[in-house]
Amino acid sequence: MIYRERINGITKHSLKYFEKHIDKIGKIQSITAYHIVSSKQGCKQANVRISIKGINGTIVLGGLSWGYHGEGSRGLSQVFHKCSISDIIPFTNVLGVFNWNSKKKTNSRLLLWSISISKNKTVITIKHNQIKDIVK
């Protein structure tokens, strides 16, 4: 099951949505960040998404961020804490930085970073500019 937040870009809404659905997705397996690039009414838009994958489903949020000391980073820090990730600090550039000037294809997904969670350890994989077309 995929639980997709419909209000984009508001951290407090993302955190409420996360809290409402976290128990439904079971043990967390991974957390991934990516851009969704789309064209709506002729206007190219890029939106960041955080995907939290559990054994029973996935939560997709749009109001979290990293790399600065703002509300979005504080929200992502709360998500990490709830998922028992304590060795990654979203306020730093450990997860990489946004590259808004990269050439992105319309209707595509650009993977920014991924965290895999296993029984004994957390593995961070930084993958930049991996573009995948979205299949509709």
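Conditions tested, residue by residue: (1) of a type outside the set (D, E); (2) in a loop (DSSP other than H, G, I, E, B); (3) modelled with pLDDT of 80 or more; (4) in contact with a helix residue (DSSP H, G or I) (Cβ under 7 Å, 6 or more places away or on another chain).
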position: K44; (1), (2), (3), (4): yes, no, no, no
position: K53; (1), (2), (3), (4): yes, no, yes, no
position: V60; (1), (2), (3), (4): yes, no, yes, no
position: S65; (1), (2), (3), (4): yes, yes, yes, yes
position: F80; (1), (2), (3), (4): yes, no, yes, no
position: P90; (1), (2), (3), (4): yes, yes, no, yes
position: V94; (1), (2), (3), (4): yes, no, no, no
position: V97; (1), (2), (3), (4): yes, yes, no, no
Exercise. I115 versus (1) modelled with pLDDT of 75 or more; (2) of a type in the set (V, I, T); (3) assigned to a loop (DSSP other than H, G, I, E, B): which is the lone unmet condition?
Worked result: (3)
For this session: Please give the number of the condition S14 fails out of (1) in a strand (DSSP E or B); (2) at pLDDT 90 or above.
Result: (1)
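The values are calculated or read from the model by the stated rules, or taken from the named source; none is laboratory data. These figures come from a predicted structure and were not determined experimentally. So basically every Cβ, Gly included, is an ideal-geometry build from the backbone, and we count neighbours across all protein chains shown.
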